[in-house]
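Beneath this line is the structure, given in structure tokens, with notes to follow.
The values are calculated or read from the model by the stated rules, or taken from the named source; none is laboratory data. These numbers come from a predicted model, not from an experiment. Reconstructed Cβ throughout: ideal geometry from the backbone, glycine too, with neighbour counts over all protein chains shown. Heads up: the accessible areas ignore ligands, DNA and RNA and are worked out on the full protein's heavy atoms, side chains in. Shrake-Rupley method; radii C 1.70, N 1.55, O 1.52, S 1.80 Å.
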Amino acid sequence: MTARWERRLQLAAHPLLFPLARGLARLGPVVRVPGLGVVVNDAATARAVLTDTGTFSKAAPGAPADLWTPVLGPSVLLNMAGEDHARLRRKLSGLFTPAAVRGLCERVLAGVLAGMTARLAAGEPVDLVAEVRRCAGAVIAELVGLPPDPDRFDAMFARGTEVTAMVRLTRRGLTPPQVARAREVMAELTAPAVTAYRDAAAGTVPGRMRQLGLTEDEARGAVAAFVLTGTETLVSFVPRLVALAHDSGWLARLAADPARTDAVVSEALRYTVPSPVMLRGVAAPGRVGRVPVAPGDRVVIMTLSCARASGSFDPERPHPPELRQLWFGAGAHYCLGMPLALAEIDAILGAVLAAWREAGPLAVRQRRAAARVLIPGYAKLVLARA
Ligand code: HEM
């Protein structure tokens, strides 16, 4: 059941690429594929690429810079390298300390989630995808400097996914009409951040970025990075986590004893890999495993294949050391929002478990896969009292 639904989600999102990726994973740890790049299927090799920033770069041709620089300019973290990148990350690090993310989640999510727990406990069906969209939207609204307005979150989410859905692994960049449309959408989504930055608005994250010494372009770029990376990953992951835990019997076990929550979350991250591919351009001649590479080559790290090599969903099995947290990346570009992502995941899963403890077992009543999206996930996952 766990494997069947996950396979269905992958196929609905990528009907051709998913079978191709599985086939390539059987061919070896590193495979050169014409038209795609040098594909990495092995965790240790992936980590070696991600931590060798002299040879592999996010700013070299073939890397995410090809996608995002024409849309957002050069300062969006995801398309930066070297000292500029490190400097911007240092300036932003204060936003994601454990205390900062705990405070953010309490401020923004506690009320929304208490409402969800109460509805589930009262026997109402709840679509978890819509709930997570609301939660992730509320957090991003706070980061962008918008007042929390749940009526806008669906529209914001739809705008964000309109941009990410333009990305195709078989093309290195976006087409000129896509660039024009993506610029328009991202300008709209980041406009409140620019206003908050200019006004040095107290209590807003863009206002705080100004205090931290970010230029206006850097603040807008950072906010764009949060919008692109911080919503869809969670809207994909949390319903899949709950579905996996439900289907494998772990939801019942966690409701009785939450001690293994971290292991279940971590194993669900390994099994789903919400950010399933990482790209690098080659900045200097080198090797990926045994395959020689040169500038112009693109390295496609199939994080999903690297993680799935460890087998089926099983929170009792420890992860091998080379895999540790690879789903959040490794090295200089390691997910900046990881503490926030984990805090949001804990808060939402905690609210589901609270309903179970209060009113008895919950069951998945209805579910549907999202079609043709960049990050596989459910379009709908309805939970209700069993
Ligand atoms: C389960 C949820 C998430 C997963 C699995 C995830 C995964 C990742 C991965 C794999 C990378 C590195 C990509 C690479 O090296 O090519 C990354 C980078 C990043 N993530 Fe996350 N992410 C998640 C949630 C978030 C959230 C909630 C935020 C913040 C709002 C966020 C902000 C970022 C940023 C800003 C970067 C770029 C860092 C840099 O390039 O220096 N992520 N994420």
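The conditions are (1) within 14 Å of the ligand (Cβ to nearest atom); (2) assigned to a helix (DSSP H, G or I); (3) not basic (K, R), and A110 fails exactly one of them. Which is it?
Tallying (1) within 14 Å of the ligand (Cβ to nearest atom); (2) assigned to a helix (DSSP H, G or I); (3) not basic (K, R), A110 fails exactly one: (1).
Search region 113-128 for residues that are surrounded by 14 or more Cβ atoms within 10 Å (Cβ to Cβ) and pair each with any residue that is of a type outside the set (A, V, I, L, M) when their beta-carbon atoms are under 6 Å apart and the residues are at least 6 apart or on different chains.
M116/E131; A121/E358; V126/R119; D127/K380; L128/P239
Within region 32-66, how many residues are in contact with a Lys or Arg (Cβ under 8 Å, 6 or more places away or on another chain), in a strand (DSSP E or B) and among the charged types (D, E, K, R)?
0
Which of (1) out of contact with any strand residue (DSSP E or B) (no Cβ under 7 Å at 6 or more places or on another chain); (2) open to solvent by 10 Å² or more (accessible area, probe 1.4 Å); (3) part of a loop (DSSP other than H, G, I, E, B) is the odd one out, the single condition V76 does not satisfy?
(2)
Any idea how many residues of region 184-230 are small (G, A, S) and closer than 24 Å to I375 by Cβ? Show your work before the answer.
Looking only at region 184-230, we keep the residues that are small (G, A, S), and these are 187, 191, 193, 196, 200-203, 207, 213, 219, 221-222, 224-225, 230.
Applying the additional criterion that residues be closer than 24 Å to I375 by Cβ yields 187, 193, 221-222, 224-225, 230.
Residues meeting the conditions: 7.
Within region 201-234, take every residue that is open to solvent by 10 Å² or more (accessible area, probe 1.4 Å), part of a helix (DSSP H, G or I) and of a type in the set (V, I, T) and give me the one that is farthest from the ligand (Cβ to nearest atom).
V205
Would you list the strands (runs of 3 or more DSSP E) that sit entirely within region 246-338 and hold 1 or more residues that are surrounded by 21 or more Cβ atoms within 10 Å (Cβ to Cβ) and more than 13 Å from the ligand (Cβ to nearest atom)?
It comes to 277-282, 286-288, 291-293.
Can you tell me which residues in region 12-26 are of a type in the set (A, V, I, L, M) and either in contact (Cβ under 8 Å) with a residue 12 or more places away in the chain or open to solvent by less than 30 Å² (accessible area, probe 1.4 Å) (or both)? Please lay out each step first, then the result.
So the first thing to find is which residues in region 12-26 are of a type in the set (A, V, I, L, M), and the list is 12-13, 16-17, 20-21, 24-25.
Once the filter is applied, which keeps residues that are of a type in the set (A, V, I, L, M) and either in contact (Cβ under 8 Å) with a residue 12 or more places away in the chain or open to solvent by less than 30 Å² (accessible area, probe 1.4 Å) (or both), region 12-26 yields A12, A13, L17, A21, L24, A25.
Please verify whether region 156-168 includes one or more residues that are more than 14 Å from the ligand (Cβ to nearest atom), modelled with pLDDT of 80 or more, surrounded by fewer than 19 Cβ atoms within 10 Å (Cβ to Cβ) and in a loop (DSSP other than H, G, I, E, B).
yes
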